[in-house]
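Since the structure comes first, as structure tokens, the remarks are kept for the end.
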2 protein chains.
Amino acid sequence: MLSWRLFLLFPLLSLSFSEETPASHVLPRPLIIEYPASAKELDGEQVRLQCDSWRFAVEANNVNPWKTIPQECADYVRAYLTGKAYGFDLDKVSNEAGIYAGSVELSGDGKDAWIFDIDETLLSNLPYYAEHGFGLEVFDPVEFDKWVDKAEAPVIQPSLKLYEQVLGLGFKVFLLTGRSEKQRSVTVENLIDAGFQNWDKLILRATDDHAKRAVVYKSERRDEMVREGYRILGNSGDQWSDLLGSSMSIRSFKLPNPMYYIP
Amino acid sequence: MLSWRLFLLFPLLSLSFSEETPASHVLPRPLIIEYPASAKELDGEQVRLQCDSWRFAVEANNVNPWKTIPQECADYVRAYLTGKAYGFDLDKVSNEAGIYAGSVELSGDGKDAWIFDIDETLLSNLPYYAEHGFGLEVFDPVEFDKWVDKAEAPVIQPSLKLYEQVLGLGFKVFLLTGRSEKQRSVTVENLIDAGFQNWDKLILRATDDHAKRAVVYKSERRDEMVREGYRILGNSGDQWSDLLGSSMSIRSFKLPNPMYYIP
């Protein structure tokens, strides 16, 4: 039988206070807390465990709507995104999606579809988010639009690999993005510079869509595809609002994104 | 601009070969590969990164159907489950679900429902899996049923907390499990011993359901609840087949489980 100590979470840290000076009884002094070395390490481990849990919960869609990453996870999220781990995760999801895509029997009538989201799915906004605390700052749509207008978002290489693979297999590719119709030309320019081509349709938010939650807007567009006779066999996105709702894909692939949440 | 080295994945290890002996040009010899110390560390880090990626891909439902955990992740999965991380993850999902449950406006007509899966959701089979490599062995239904019949599966404490919370808020609680109808009495005994009570209905697999995939069986049971007028507001399960399909819950909560996959 295993011991169930694992459910005794967040043990209280024992704090040791600095030794009192003779004057300490007389003069007011700031409260100085000194952690013993082992408690410091425990604290570091605690933060890592908490941030790991938070990231897992984000990726599994367990976290309630959030506006910024937890303050204490700022270093953790930066390290994840600028180190190797994010790349490993992107590669893994691309590979699994590719295996699935290759295993699907296509009808050959041109109605087999794969949907890709754009931001943090095909194109990376890391250069922008690196300047804005990797999700620590509240999203600023004006600043972000300036970045989008530069059309400089780099390719997410494992997604380009998958993109070319599904095209090669004979899927119709739909790009379904939360970007505005006004950003069509910069988006096309950025996509082409990044190596993407031959998509069937690029769907952006029309004026009527701006007030809608992403999950509603994207569901409506998928509903249309289904009405037009398409079979949505695959869907790749970094937000659960890309993947859930109506006319869901047979299989969905969730790309990692610990920086922001779109409802 | 960030460097995009993060997309250069799985760098090839530089291998150093043992110095050749004078006889090496003459006799065939086994190829001996010696990693320099730094490469050994790199290898360890590589495995950790790969297993981290694998685990996140499992939890986000990106991995194609699998029968056992990857061989190279055996130590990683054991450490995750027997250390603190699994407990942190269970606690996180319970807390987020509790916040959501508390925020929902209930109708008060007794038709607001929350569904819980049982294995690895309310009850833990870790004592069984600890004896079977934590997912490294192919699932053995005969052996597993013997374990279930003991009715000794320990409570998952953070789930009991959530369970009592949603009951207290006025939800009807349905338990929807892949266990067989034949295991009803041991299941009830185990649940009660573990502290669960006052569920509205315990739904187990009838004879007709045994050939069905879990996702189909569970969808059919949810369809019935909806036909009976229930609003499924929350659903907690450790498998995506508990959560996806038809009559999906308004919000789903995915508990961690890196040990096995049920389609």
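Worth pointing out:
- Index of the failed condition, A:THR121 passing every other in (1) within 14 Å of another protein chain (Cβ to nearest Cβ); (2) part of a loop (DSSP other than H, G, I, E, B); (3) within 22 Å of B:LYS92 (Cα to Cα): (3)
- Total residues in segment B:234-263, condition open to solvent by 10 Å² or more (accessible area, probe 1.4 Å) and basic (Lys, Arg): 1
- Some residue of segment A:98-113 being in contact with a helix residue (DSSP H, G or I) (Cβ under 6 Å, 6 or more places away or on another chain) and surrounded by fewer than 17 Cβ atoms within 10 Å (Cβ to Cβ): no
- Criterion (in a helix (DSSP H, G or I) and in contact with a helix residue (DSSP H, G or I) (Cβ under 8 Å, 6 or more places away or on another chain)) met by exactly one of A:VAL173, A:VAL186, A:VAL216: A:VAL186
- Of the residues making up segment A:190-207, at least one is within 14 Å of another protein chain (Cβ to nearest Cβ), assigned to a helix (DSSP H, G or I) and open to solvent by less than 20 Å² (accessible area, probe 1.4 Å).
- Of the criteria (1) farther than 16 Å from B:ILE232 by Cβ; (2) at pLDDT 95 or above, which one B:ALA113 fails: (1)
- Residue within segment B:117-133 that is open to solvent by 70 Å² or more (accessible area, probe 1.4 Å) and either among the aliphatic types (A, V, I, L, M) or farther than 30 Å from B:ILE250 by Cβ (or both) present: yes
- A:LYS92 falls short of the stated requirement of being more than 14 Å from chain B (Cβ to nearest Cβ) and either touching a His at 6+ places or on another chain (Cβ under 8 Å) or of a type in the set (Lys, Arg) (or both).
Every residue, every condition in (1) over 17 Å from A:VAL93 (Cβ atoms); (2) at the interface with chain A (Cβ under 7 Å from one of its Cβ atoms); (3) out of contact with any helix residue (DSSP H, G or I) (no Cβ under 9 Å at 6 or more places or on another chain); (4) buried (at least 23 other Cβ atoms within 10 Å of the Cβ), yes or no:
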site: B:GLU45; (1), (2), (3), (4): yes, no, yes, no
site: B:ASP52; (1), (2), (3), (4): no, yes, no, no
site: B:TRP66; (1), (2), (3), (4): no, no, no, no
site: B:GLN71; (1), (2), (3), (4): yes, no, yes, no
site: B:TYR76; (1), (2), (3), (4): yes, no, no, no
site: B:ALA85; (1), (2), (3), (4): yes, yes, no, no
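- Of the residues making up segment B:124-161, not one is in a strand (DSSP E or B) and more than 20 Å from B:ASP89 (Cβ to Cβ).
- Some residue of segment A:141-156 being open to solvent by less than 10 Å² (accessible area, probe 1.4 Å), within 13 Å of chain B (Cβ to nearest Cβ), more than 16 Å from A:ARG251 (Cβ to Cβ) and touching a strand residue (DSSP E or B) at 6+ places or on another chain (Cβ under 6 Å): yes
- Considering A:PHE139, A:PHE134, A:PHE144, A:PHE174, the condition of being closer than 15 Å to A:LEU204 by Cα and under 20 Å from the mean Cα position of the chain (by Cα) is satisfied by A:PHE174 alone.
- Residue within segment B:116-123 that is out of contact with any strand residue (DSSP E or B) (no Cβ under 8 Å at 6 or more places or on another chain) and not acidic (Asp, Glu) present: no
The values are calculated or read from the model by the stated rules, or taken from the named source; none is laboratory data. This one's a predicted model, so the numbers in the text were calculated from it and none came from an experiment. A quick note on method: Cβ atoms are made from the backbone with ideal geometry, for glycine too, and the neighbour counts reach across all protein chains shown. When the accessible area is computed, the model is the full protein with side chains, heavy atoms only, and any ligands, DNA or RNA have been set aside. Shrake-Rupley method; radii C 1.70, N 1.55, O 1.52, S 1.80 Å.
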